[in-house]
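The values are calculated or read from the model by the stated rules, or taken from the named source; none is laboratory data. Since we're looking at a predicted model, the values are computed, not measured. Cβ atoms come from the backbone with ideal geometry, glycine included; neighbour counts cover every protein chain shown.
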Amino acid sequence: MDILFNKETNSFHLFNDLVSYQLSIKDDKYVSHVYWGKAIGGNNAHIDFPLYDRAFSASPHGAKLQNFSMNTLLQEYPGHNNGDYRESALEVTYPDKTFSTQLEYQSHSIINGKPELEGLPHTYINEKSEAKTLKLVLKDTLDYCTIDLYYTIYADYPVVTRSVRVTNNGELPIELNKLLSMSVDFDHSSFDCVQLPGAWGRERDLVRHPIHRGVHKIDSKRGTTSHTYQPFLGLVDPDTTEHTGDVYGFHFVYSGEFLANCEVNEYNQTRVQMGISPEHFKWELNPAETFSSPEVVMSYTDNGLNQFSQDLHSFYQTHLIRGKYQFEERPVLLNNWEGTYFDFTEEKLLDMADKAVDLGVELFVLDDGWFGKRDDDKTSLGDWVVYDKKLPNGLKSLAEKIKAKGLRFGLWFEPEMISEDSDLFRTHPEWVLKANDRSASLGRNQFILDYTQKEVRDYIKERMRAVLNEVPIDYIKWDFNRNMTEIGSQHPSVNDGEVTHRYMLGLYDLLEELTTAYPDILWESCSGGGGRYDPGMLYYMPQTWTSDNTDAVARLEIQTGTSLVLPISSMGSHVSAVPNHQVNRMTSLDMRGDVAMAGNLGYELDPTLLSDSEREKVQEQIVFYKENRKLIQYGSFFRLKSPFDQSSETAWLFVNKDKSEALVFNYLILDKTNMVNTRVKLKGLAPEKRYKLNGQDTLYYGSELMNKGLYIEPPLSDEIEQSSYQVNGDFRSTKIKIKEVIG
Ligand code: DGJ
C-alpha cells in the first residue's frame, strides 16, 4: 500500500495489491479524477481523457482553451455555479450573498495512518501501518473558505474512505447549504445501479437496474437513515454476477439524513456522490470554525457482488466494530416482546426464564413495558423508573433472580423518545424536537427528544446510568421508533437548519460516553427493526435487530439484502411463534430455526407454550448453533441462491478461515409438484482438500463440491402433521455441515 505523487504529471496514485485510485491536478488547479479500479502498478497517473470543445459548455479559460470546460472535466469535488451543470458537492452562500464556488488546489500532504474524525463514527486503524491518507487542500478563489479532502487507503482491503473538512477563512460567517462527503466521476455510464430500498417489515430489498440519463437519487429526510433506503449505492458492470465482474460500492458511515446521487450527463459520464442530505441542512460556519463531514467507504472488486460483501463484512469487522464483542461469540437470547408484548408480570417473566434455561438460551431480554406506567405504547417514554405494578420487587431483584438461573440479563430502552403522557413531558415540553411555534406530529404516539440540547442528553444519561448502576445488566437494546417531522429546536441557540446533524452529533456523543462507561454490555441497536441499521450505528453497537418481521420466508429476503453490506455478526434474527405475528404465515420450526441461525440466533416467543416436541427441537437447534456460531458469525458468507431470483429456493453458505469447515443452508419456500432437485455448487472451499458431509461416509474433494455441487433434498417437516394449515411440503429447509478430513 502506498500513496505516490508524480511531480511531472501533478498526479496521485493511491494503491494496494487490490485497488488503485488515481487523481490529478489539472492546470495546477482542478482536482480531476483519473482512475479507480483493479490495482495497476507504478507512478504513472496522468490525465489521458481527450478534451473537446463542446457546444454550450463554457470554458473558464475563454478563447485560450476553448476545449476545456468544468462541465466535461472528470472531477473529484465539484463546486457550484461554476460552469459545471452536473450536481455539485458543495454549495456555500458567502457574506456578500454570492454563491459561486470555484475551488482550486493549494497543497497536499501524505500522512501515515489515518487522522481521527472527531465526534463522528468512522473506520479506524489499530496501527499506522494499516493505512495511508492523502490530504488535498483546496481554496475557494476568493479565499472565503478552505476545503480539505481526505482520502484513506487501507493496506489489506480494496477500500478507500473519503471525507471533507471546511474552514471559514473570512471575517464573517458563511452558510453551508450542501456539503457532501465525496464525489467521483466515471467516463462512461455502462453500469447497473444496485441499491437496498425497503419499508418497515420489509427492509433492504436487493434492487438492480440500469442507470439512465438524469439524476437517480436515494435519500433520507427522516432524521435517521430509515427503513426506506440504506445509505448505500453500488455501480456494477451490466454483466456482473454474484461471483464475477466489477462492483463499485459506496456506503455512508452515518445514521442521519443522507443523499446518494448517481447522475448521467449528456456525454454519458457518470457522477456518484454521497453525503449529508442538503434538504434540511443549512450550517452557519463562523470565522475560523471548521465543519467535518461524515465518512464514505468506497470499496471495489472485480470479483462480483459476493466478494464485495465479504470485503465489507471483514473490513467492518476489523475497522469499524469495536469493543469487547468485536470478535466474541454472540449469546443466544430469548426476548419477551412477541411472547408477552406489554402484558407481563415478574412471575410470568421468571417462568419464561426457567423455560429459557431448559432450552439452552444464554441471555434473557426484557423488552418494552418495564417502566413508568407503560401498559401500551401511548405512555411513559422518558420516565425510566421501574413500573412497580408489573415488577413490584424492582428491576434489580428481577435481574438477580434471572441471573441466579444462569442466564444473562438484558433490557430495552428507547432513550431518544418522550411520550406526551409522561412526567418528563409534563415537566419539560420544551425538550420535544420541533420547530418553534409549530405543532409536532405524533409518530407511534410519541415525540422525539431534542438531542441537540446537552441538558436533555445529560438527563437521559443520568436516568440510564441510575438503572445501569443499580441493576446487573449485560445487554441493552436501544430502540428508536419513529422518524423526525417538523424538524427544528425550541432552544433559541440552535438554528433549525443545523438540527438534524447536531442531533446526530449529540446522539453519537451520548453513545460514545455510555458504551465506554459500560464496556462489558452488549449493545444492540434497533429502530422498529432495521430502520437505523447502518455503519454509523455499528461503530457504537456491534449488533442490530434486523427487522420486526420475524417470518422465516420474509427473512430470507431481508437477510439476503442486509448481507450485501452488513456483516452477519451484526444481524439479530429470532425464531417466533406461528402463525407469524407480522404476516400470519405458518412455517415449520425447522425452517424458522435454520433461517434465524444464519445470524445471531434468538427466540422471540413464549417458551412456556412450546409442546414437548417443539421444546426438544429448539434444544437441538441451540446445541447445533452453539457448535457452529463462530463459523456463522465470523466465517465468510456466500449467497448461493437468491430469494430475489424469483425461484422458490434460497441457499446460504458459511466457510471458516482455514476452509476446514463449512455449513450450507438450503431453504425451499413453495414446493412444486413432480420436480427433481437441483444441485447447489459450493464456494470458497479448498479444491484439494477432502471433506465429509455430516452423517455420511463419502469423501468429496473441495473441487468436486464447488464444481459439480451437491444435491440437497429438503427433509419433510414435522409440522406437516401438526399444522391446521395445508403446508404440503412447503417451507422446508436443510443444513449440511461440511468438515475437512485429515489423513
Ligand atoms: C420496536 C422493536 O423493533 C421491537 O422489537 C420491540 O422492541 C418494540 N419496538 C417495542 O416497543
For a quick check of your reading of the model, give me the residue pairs whose first member lies in the range 668-684 and is on the phi > 0 side of the Ramachandran plot, whose second is among the polar types (S, T, N, Q) and modelled with pLDDT of 80 or more, with beta-carbon atoms closer than 7 Å and at least 6 apart or on different chains. G684/S636
From A440, A435, A404, grab the single residue that is touching a helix residue (DSSP H, G or I) at 6+ places or on another chain (Cβ under 8 Å) and more than 15 Å from the ligand (Cβ to nearest atom). A435
What's the total number of residues in the range 423-471 that are surrounded by 13 or more Cβ atoms within 10 Å (Cβ to Cβ) and either small (G, A, S) or assigned to a strand (DSSP E or B) (or both)? 8
Of the residues in the range 236-292, those that are part of a strand (DSSP E or B) and either closer than 30 Å to L682 by Cα or of a type in the set (S, T, Y) (or both) come to V236, G245, V247, Y248, G249, F250, H251, T270, T290, S292
Cβ pairs under 7 Å, 6+ apart, first in the range 513-536 and more than 11 Å from the ligand (Cβ to nearest atom), second modelled with pLDDT of 95 or more and of a type in the set (G, A, S): T515/G323; P519/G323; D534/S255; G536/S255
Which one of these is at pLDDT 95 or above and of a type in the set (D, E, K, R): E118, E130? E130
Give the residues of the range 537-546 that are under 17 Å from V365 (Cα atoms) and within 16 Å of the ligand (Cβ to nearest atom), sorted by residue number. M541, Q543, T544, W545, T546
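Each row is one residue, and each column tells you yes or no for (1) hydroxyl-bearing (S, T, Y); (2) over 30 Å from S493 (Cβ atoms); (3) out of contact with any strand residue (DSSP E or B) (no Cβ under 7 Å at 6 or more places or on another chain).
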residue	(1), (2), (3)
D376	no, yes, yes
V386	no, yes, no
G410	no, yes, no
E416	no, no, no
P429	no, no, yes
S441	yes, no, yes
Just wondering, is there one or more residues in the range 213-221 that are in contact with a helix residue (DSSP H, G or I) (Cβ under 8 Å, 6 or more places away or on another chain) and either surrounded by fewer than 24 Cβ atoms within 10 Å (Cβ to Cβ) or not in a strand (DSSP E or B) (or both)? no
Got a sec? Which strands (runs of 3 or more DSSP E) wholly within the range 144-210 have at least 2 residues that are among the β-branched types (V, I, T)? 145-154, 159-168, 174-186
I'd like to know if the range 477-484 contains one or more residues that are closer than 28 Å to T427 by Cα and away from the ligand (no atom under 16 Å from the Cβ). yes
Residue among R585, R555, R615 that alone is in a loop (DSSP other than H, G, I, E, B) and either at negative phi or modelled with pLDDT under 95 (or both): R585
Of a type in the set (A, V, I, L, M) and more than 16 Å from the ligand (Cβ to nearest atom): is that true of V361 in this structure? yes
All but one of (1) buried (at least 22 other Cβ atoms within 10 Å of the Cβ); (2) more than 16 Å from the ligand (Cβ to nearest atom) hold for L333; which doesn't? (2)
Among the listed residues T123, T161, T152, which satisfies the condition of being in contact with an Asp or Glu (Cβ under 6 Å, 6 or more places away or on another chain), closer than 30 Å to A39 by Cβ and buried (at least 21 other Cβ atoms within 10 Å of the Cβ)? T161
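From I418, I402, which residue is without any contact (Cβ under 8 Å) to a residue 40 or more places away in the chain, outside any loop (DSSP other than H, G, I, E, B) and not charged (D, E, K, R)?
Testing whether each residue is without any contact (Cβ under 8 Å) to a residue 40 or more places away in the chain, outside any loop (DSSP other than H, G, I, E, B) and not charged (D, E, K, R) leaves just I418.
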